[in-house]
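The values are calculated or read from the model by the stated rules, or taken from the named source; none is laboratory data. The model shown is predicted, which means the values in this text are computed figures rather than measured ones. Neighbour counts run over all protein chains shown; Cβ positions are idealised from the backbone, glycine included. Protein only, heavy atoms only, side chains kept; ligands, DNA and RNA dropped before computing areas. Shrake-Rupley method; radii C 1.70, N 1.55, O 1.52, S 1.80 Å.
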Amino acid sequence: MFVSPVIAFSQDDNTVFGTPLQGEGIGMFLSRHGLDNSSKAQFIELNKAKLGKDNSLLLGVKYRIPDKQRDDIVVEPLFGEANKVVKVENRKLKDCVYYLVSGHGGPDPGAMGKLAGHDLCEDEFAYDIMLRLARQLMAWGATVHIIIQDADDGIRDDPYLAYDNHETCMGEAIPLDQIQRLKQRCVAINNLFAKERSKYCRAIFMHLDSRSVKERIDIFLYHYAKSPKGERLANTMRNKFEAKYKQHQPNRGFTGTVSERHLYVLKESNPPAVFLELGNIQNSQDQQRFIKPSNREAVAQWMAEGILEEYQKHH
């Protein structure tokens, strides 16, 4: 099962090295040094120049052992080769845990749009924005669980994101049946949440809407009626979007709203949750929000800033 590792290592002179025993693989080597298999990607990143074929260990070679006490670097393979190493800039969100879920995936591409002969698939663009948000939250010290995963994509800077059906729910195949699909991701969140010691946990669901091609919309946010914490986060994020639109497009205005919705994932997710519709995939103006990688990055950054502001004001 492919489960997103959230791993950290420090780069300083206080390093520890070890040599493998005969027939020892990385898993056994790590276990012998008090680490579990979740440190494997970190170990490979630290020692990739010294490894043999298929990341095998070579006898007589000294390998650097990950320092589990430090966390100034995070390695997340889901971000892709160019983006997988994340520098932790600060610890503003060190006590926070986020469960990030991009909509649809696997056998269901979600809403479909067309532009310049290209198919635009909701799940691909929502996934890319979600990864960008995850990366920024990690850079601020948060623990981030990426619930929907595609090991092949990474963060992409292409305008048109090709469709595939490789997405999984933390390594498990995504069902075609809608209720089973939604249940699966809620169970994944709730299982993680049940083991979490942090008192500050939030789930964030990202989608794109599909409306009339003439209907330009802003970002809409939803929360469950019985979740004041979810409502507070939604309002803070919405206000951040409005402030950013005033700054970057002062004559445009912002019409995005926050409202209650009795959506399955909002009701069944145990941590407080927010559900976002990021725009109309059919509308040519909204499509610019998705096809330009700089715009996808901006949306993710503004979401992150709203998330940070809510935590700093109310934790």
Write down the accessible area per residue of the range 137-180 in Å², having rolled a 1.4 Å probe over the full set of protein chains. 44
Cross-link candidates for residue 48: which aspartates and glutamates have Cα within less than 19 Å, leaving aside residues fewer than 8 places away along the same chain? 12, 13, 24, 36, 67, 76, 81
Sorted by packing (mean other beta-carbon atoms within 10 Å per residue), highest first, where do 206-213, 168-175 land? 206-213, 168-175
At what distance in angstrom do the alpha carbon centres of the range 54-94 and the range 188-234 lie from each other? 30
Under a straight-distance cross-link criterion of Cα-Cα below 19 Å, which aspartates and glutamates are reachable from residue 292, leaving out those fewer than 8 residues away in the same chain? 119, 122, 123, 124, 128, 153, 157, 158, 209, 218, 277
Checked the range 105-197 against the a/c 1.5 cut and the a/b vs b/c comparison, axes a ≥ b ≥ c from its Cα gyration tensor; verdict oblate
At a 1.4 Å probe, what is the % contribution of carbon and sulfur to the accessible area of the chain? 48
What number comes out for accessible area per residue over the range 255-303 if the probe is 1.4 Å? Units Å², please. 38
Skipping prolines and chain starts, which residues have an amide H placed within reach, meaning under 5 Å, of the one on residue 167, given they are 5 or more residues away or on another chain? 106
Mind scanning 199/240; 92/267; 92/313; 114/214; 40/199; 229/267 and naming the pairs with a C-alpha gap bigger than 21 Å? 199/240; 92/267; 40/199
